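Q: Quick one: this structure, given as structure tokens, is what I'll be asking you about.
The values are calculated or read from the model by the stated rules, or taken from the named source; none is laboratory data. What you are looking at is a predicted structure, and each value in this text was computed from that prediction instead of being measured. For neighbour counting, all protein chains shown are included, and Cβ atoms are generated from backbone atoms with ideal geometry for every residue, glycine included.
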Amino acid sequence: MFKLNKLYSNKESFHTIEFKDGLNIIMGKSESSKDENQKKKTLNGVGKSLIIKLIDFCLGAEKNKNWETPLRDWIFCLDYTLDGIKHVIKRSINDSGKILLDGKELKLKEFKEEMRNQLEIANEFTYRECINRFLRKGKKAYTNYFTTTSGEKDCRTLTILIYLLDLDYSKCTEKINLKKDLDENRNLLTKAEKDSNFRALFGNEEIDIDIELANIDFEINELKKDLKEYKFAENFNDIKNKADNASFKLDQFNNTKYVIESNIKFITESLNQEISVDIQAVKQIYEEINVFWSDALIKSLEEVNNFHYELLKQRKNALKKELISQKIELEKIEKLIKEANTELNSYLEFLDTHKAMDKYVVIVKRIDQLNEKKNNIQQIRTFEKKIKLNIEKIKQDMSNANLKAQIYLDETTEKLNKLNSQFMSLAKTFYEDKKSALLIKNNDGENQQRFNLDARITSDGSDGIQEIITFCFDWILLNSNKIKQGFIYHDSLLIANVENRQKEILFTLSNQLCINNNKQYIININYDQILGFEDEAKKLINQKTILTLTDKNAKEKLLGIEVDLGSEIK
């Protein structure tokens, strides 16, 4: 069995604590004030609770940053015995990541594993979560029997307690895993709509998968019909380019035709014009202004007139030739226009009855997209069906596990009754007239709690009931001997609200339990908590007190020096 021998330090001021087998009492006593409030304040600063924390520190607790400066260079040592073999633990505040165990330096993780092996704790549990059951620290650990540390899930705590009671904890583990699987599968369904792939398919719409699939199939069929009805041409774009070229040429030909027709019109109008000079009219004008009209002038005008006549004659002959030439060009261009129209019409007719390949590609691509979406939706549906089947299977497994758990409890009735009897026996020692029980029942609810564990003493409003339940329950755990744990350490918080009669019983009973079961029980108390005790109880307390700490001065406190550890010394 794992029992504590001695807690000491490398600093001489520290009050070394030598633990004994059986009952060990550490007393806090006020020497400085008669004021009750001041007494309570000073007694809470002498270092009783710090002892528990220092033991916990030596046993592998996480480092306390509040200690690093005020306790710099301090080394704390804990001697313990396990199966008759003495061991020494040393841990420095300066280098708390390492622990010396029997002179061997171990990392914190290695130390915990070594202690787990020494105490023969099952692999499914850690050394720390088991040792915490017997080394309650802080106010929360004394609010009820079930809880010792904050942040631990009830289902895990229950599993640890069932294990330490030497019952089949695998039933707890099984239900935890089944409930986790059930929750995970349900979460998969609820989170599917938030998945990026799902949103990519449906956006933010709430959709009915069957309706969505039906609409996709309809669109695919319609597109396939289009593919059958349309004539797609691989050279569609080439033909379109040719049609554009033909249209361009036709425009050019029409422009040329317009120019030719304009030329023909101009030539025709020019041929119809008559230009000549009337010599007699000219002579008359000259005579009217008394200008002499000589024979030489008349002859000159006749010559000019003859010259212009010949010139005009030649020009008309040239225009007639040009007119013929333009008409020939007009015939040619009209022929080209006709041919271009024919060519363009053939291209347009082709384009009208055929579709471009890029249009074909667009339709095929759309069909592919729809098929991909359909496949994805079908995968979602398949996934959904699979998850729903998983959920039903897990529910069936949970139902079977419920049945197996009930059968196990029925088959373990004798052991359960024994545990209940032990608890009731302890509880009756405190309260003869109150009903009590330690009951373990099957929990068939859809949760992670395999069993309902209920340690109870019926309450009529009396103070300290919960604390007495905690005391009795911790002793049941210790006496189950599931692991090689041989001690319990309780702080003075355990008896803070307990009435005197029950406190006297607690000391007497714990002393007897230690003797009968070869165990070690350590408890912190304040002197004012035992005022009014009977002489026999006082005598026992005096005999079992291994250390008295007072507030007389710093030397009388645990560390032997005045140091501020914040809220740690409580």
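Q: Only one of (1) over 22 Å from GLN422 (Cβ atoms); (2) modelled with pLDDT of 95 or more; (3) part of a helix (DSSP H, G or I) fails for ILE160. Which number is that?
A: (1)
Q: Residues that are of a type in the set (Lys, Arg), farther than 22 Å from THR81 by Cβ and either more than 42 Å from the chain's Cα centre (by Cα) or exposed (fewer than 14 other Cβ atoms within 10 Å of the Cβ) (or both): does the range 532-541 have at least one?
A: Checked the range 532-541: at least one residue is of a type in the set (Lys, Arg), farther than 22 Å from THR81 by Cβ and either more than 42 Å from the chain's Cα centre (by Cα) or exposed (fewer than 14 other Cβ atoms within 10 Å of the Cβ) (or both).
Q: Let me spell it out: the conditions are (1) part of a loop (DSSP other than H, G, I, E, B); (2) at pLDDT 80 or above, and ILE207 meets all of them except one. Which number is the exception?
A: (2)
Residues checked against (1) modelled with pLDDT under 95; (2) under 17 Å from SER9 (Cα atoms); (3) not hydrophobic (A, V, I, L, M, F, W, C):
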{"residue": "GLU68", "(1), (2), (3)": "yes, yes, yes"}
{"residue": "PHE76", "(1), (2), (3)": "no, yes, no"}
{"residue": "THR81", "(1), (2), (3)": "no, no, yes"}
{"residue": "LYS90", "(1), (2), (3)": "no, yes, yes"}
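Q: Could you list, in sequence order, all residues of the range 506-519 that are assigned to a helix (DSSP H, G or I) and buried (at least 18 other Cβ atoms within 10 Å of the Cβ)? Break it down stepwise before answering.
A: Filtering the range 506-519 down to residues assigned to a helix (DSSP H, G or I) leaves 506-517.
LEU506, PHE507, LEU509, SER510, ASN511, LEU513, CYS514 - these are the residues of the range 506-519 that are assigned to a helix (DSSP H, G or I) and buried (at least 18 other Cβ atoms within 10 Å of the Cβ).
Q: Please work out if ILE525 is surrounded by 14 or more Cβ atoms within 10 Å (Cβ to Cβ) and under 51 Å from the mean Cα position of the chain (by Cα).
A: Yes; evaluated as a whole, the condition is true for this residue.
Q: Let me ask something else. Against the definition (in contact with a Ser or Thr (Cβ under 7 Å, 6 or more places away or on another chain), at pLDDT 95 or above and either crowded, with 21+ Cβ neighbours inside 10 Å or under 19 Å from THR550 (Cα atoms) (or both)), how does LEU59 come out, yes or no?
A: Here the answer is no, as LEU59 does not meet what is asked.
Q: Quick one: would you say ASP474 is at pLDDT 95 or above and in contact with a His (Cβ under 8 Å, 6 or more places away or on another chain)?
A: Yes; evaluated as a whole, the condition is true for this residue.
Q: Tally up the residues in the range 444-496 that are more than 22 Å from GLU432 (Cβ to Cβ), hydroxyl-bearing (Ser, Thr, Tyr) and outside any helix (DSSP H, G or I), please.
A: 2
Q: Could you count how many residues in the range 528-553 are touching a residue at least 24 places away in the same chain (Cβ under 8 Å) and either assigned to a loop (DSSP other than H, G, I, E, B) or more than 29 Å from LEU477 (Cβ to Cβ) (or both)?
A: 8
Q: Please go through (1) under 28 Å from LEU119 (Cβ atoms); (2) among the basic types (Lys, Arg); (3) surrounded by 16 or more Cβ atoms within 10 Å (Cβ to Cβ) for LYS484 and return the number of the only condition it doesn't satisfy.
A: (3)
Q: Of all the residues that make up the range 81-98, how many are touching a residue at least 40 places away in the same chain (Cβ under 8 Å) and either surrounded by fewer than 15 Cβ atoms within 10 Å (Cβ to Cβ) or over 17 Å from ASN5 (Cβ atoms) (or both)?
A: Here the count works out to 2.
Q: From the set of residues in the range 124-140 that are of a type in the set (Lys, Arg) and touching a residue at least 24 places away in the same chain (Cβ under 8 Å), which is surrounded by the most Cβ atoms within 10 Å (Cβ to Cβ)?
A: So, considering only residues that are of a type in the set (Lys, Arg) and touching a residue at least 24 places away in the same chain (Cβ under 8 Å), the one surrounded by the most Cβ atoms within 10 Å (Cβ to Cβ) is ARG136.
Q: Return the total of residues in the range 121-157 being hydroxyl-bearing (Ser, Thr, Tyr) and outside any loop (DSSP other than H, G, I, E, B).
A: Matching residues across the range 121-157 total 3.
Q: Give the range 224-275 a look and list any residue that's of a type in the set (Lys, Arg), in contact with a Leu (Cβ under 9 Å, 6 or more places away or on another chain) and modelled with pLDDT of 80 or more, or say none.
A: LYS249, LYS257
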